[in-house]
1. Starting with the highest mean, order 389-395, 288-294, 180-186 by the number of other Cβ atoms within 10 Å, averaged over the residues of each peptide.
2. Less than 13 Å Cβ to Cβ from Pro131, Lys/Arg counted +1 and Asp/Glu -1: what total charge do the surrounding residues give?
3. If you restrict to DSSP beta bridges whose two residues both lie in the chain, what percentage is antiparallel, to the nearest 5?
4. Among the listed pairs Lys247/Lys352; Lys125/Lys191; Lys62/Lys123; Lys20/Lys191; Lys20/Lys247; Lys57/Lys247, which are separated by more than 31 Å between their Cα atoms?
5. Report, for region 56-294, the % of DSSP beta bridges that are antiparallel, rounded to 5.
6. Against the empirical 2.2 N^0.38 Å scaling, what ratio does the C-alpha Rg of region 56-294 come to?
7. Could you work out which residue, out of Pro283, Pro33, Pro99, moves most in a Gaussian network model of the chain, that is, has the largest mean-square fluctuation with Cα springs under 10 Å?
8. If the elastic network links every pair of Cα atoms under 10 Å, which of Ile207, Ile273, Ile227 fluctuates the most in the Gaussian network model of the chain?
Amino acid sequence: MNQDRVESLAQFHPFTRLNKLLEGVHPGGGNTPLLLSLGEPQFQPPVFAIEAIANAKDAWSKYPPTIGTEAFRGAVQAWLGRRYGIEQGFVSTDGMILPVSGTREALFHIALSAVAQGLPKGKGKVLMGNPFYHTYAGAAVVAGGEPAFLPAGRETGFLPDPQAVPAELLRETAMVYLCSPANPQGAVADKDFWRRWLVLARRHDFIIAADECYAEIYTGAPPAGAIEAAQESGSTDNLLIFHSLSKRSSAPGMRSGFIAGDRRQVGRIAQLINYGGVAVPLPVLAASTALWSDEAHVVENRARYCQSFDLAERILSPIFGTVRPAGGFFLWLDVGDGEAATTALWREAAIKVLPGGYMSRPDAAGRNPGAPYIRVALVYEPALLEGALTRMAGVLRRLDVKRPAKPALVGG
Ligand SMILES: Cc1ncc(COP(=O)(O)O)c(C=O)c1O
């Protein structure tokens, strides 16, 4: 990795930039500071998960196998069946499902693997929507690849349009990150979106990393999964899906997720973990097995987010039009100048949010598509959010907030 690449990692990390922006700005308004900048659910995971960890205490003295336990992989396979209608034989527990220590690490690993595989064939590009979850670009750079940013704003329904990618770029592509429900925009892909990307991936020989860690948090119908489109096509070739308990079960501290799909890619990531990654500890796997097997807490979780979005809709839609995303737990608000709004919200209301421009890069015309936005994570109890959102509305009303002509958020 050359020096420029190292510098660019520090330069673009969203939270490093946020800290710098707010350096010396004091949280004001006599309010207790509230961090709505980070997508970290503030709820407790179910008690049975904590008990499962305690009950497996003898396993702390064992190195966990990278492939996890048959029970864990079986619970994931059963969940894929319930959630997406995936038939048991389609995603085998033998080599096609792997536990990971949170999906962030696995999203990083897939770039290491895909770029190493692609570069000898002249394929070093790593595609992602713009804006995007920062790990994608960091991983692409560290892997020695080159991130390529695809428009994912209002004009494309807040998702990267598979039909709009130039053929030349597709030929050089090692992999693409696709996120649904999308962070930060909250757009949800339909099955046709996944189908089209799968066709491209197979035609041009690249890998799809389908980041679906918000798949269980939605407003209307459950978001379609990339794996559904794969099943219809008869194969998981070129596809890896990424799912996490961080959002689904409000357990970000457990660092537990899984990847599934293309057998070759699952094997390569298992190998990377064997050499330099972290296998999920056995007590955490026991808790994870219990969590993937339970839906009641997920339904409860989703209902709480719905309540939060009802509040946001009531308090903020008079300023922005509808703010409710189709999925995920972020508001993506067009405030005109995301940095100015972020600073004002911290100074005047002690509410920390993330400027949208920190999650995106300038496009070919030099325009940063995220710059007019802020991202607001609704990760606290609705009762606590009500006051915060009311304060936020007060500050944003005082600012010269640009009112979008169309709704601030569009589902896919
Ligand atoms: C889009 C997206 N992908 C992946 C992750 C990583 O989640 P985890 O490593 O907790 O599974 C996050 C976390 O915020 C995220 O927002």
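FYI, it's all coordinate maths here, none of it is from the lab. For clarity, every value in this text was computed on a predicted model and none was experimentally measured. Methodologically, a virtual Cβ is constructed for each residue, glycine included, from the backbone with ideal geometry; neighbour enumeration extends over all protein chains shown.
1. Values: 389-395: 19.6, 288-294: 22.3, 180-186: 28.4.
So the peptides 389-395, 288-294, 180-186, ranked by packing, come out 180-186, 288-294, 389-395.
2. Numbers: positive: Arg154, Arg361, Arg367, Arg375; negative: Asp334, Asp363.
Local charge sum for Pro131: +2.
3. Working: 17 of 38 bridges.
About 45 percent, rounded to the nearest 5.
4. Working: Lys247/Lys352 20 Å; Lys125/Lys191 25 Å; Lys62/Lys123 40 Å; Lys20/Lys191 40 Å; Lys20/Lys247 27 Å; Lys57/Lys247 25 Å.
Flagged as over cut-off: Lys62/Lys123; Lys20/Lys191.
5. Numbers: 9 of 28 bridges.
Beta bridges within region 56-294, antiparallel portion: roughly 30 percent.
6. Values: Rg = 16.8 Å, N = 239, 2.2 N^0.38 = 17.6 Å.
Against the compact-globule rule of thumb, the ratio is 0.95.
7. Pro33
8. Ile273
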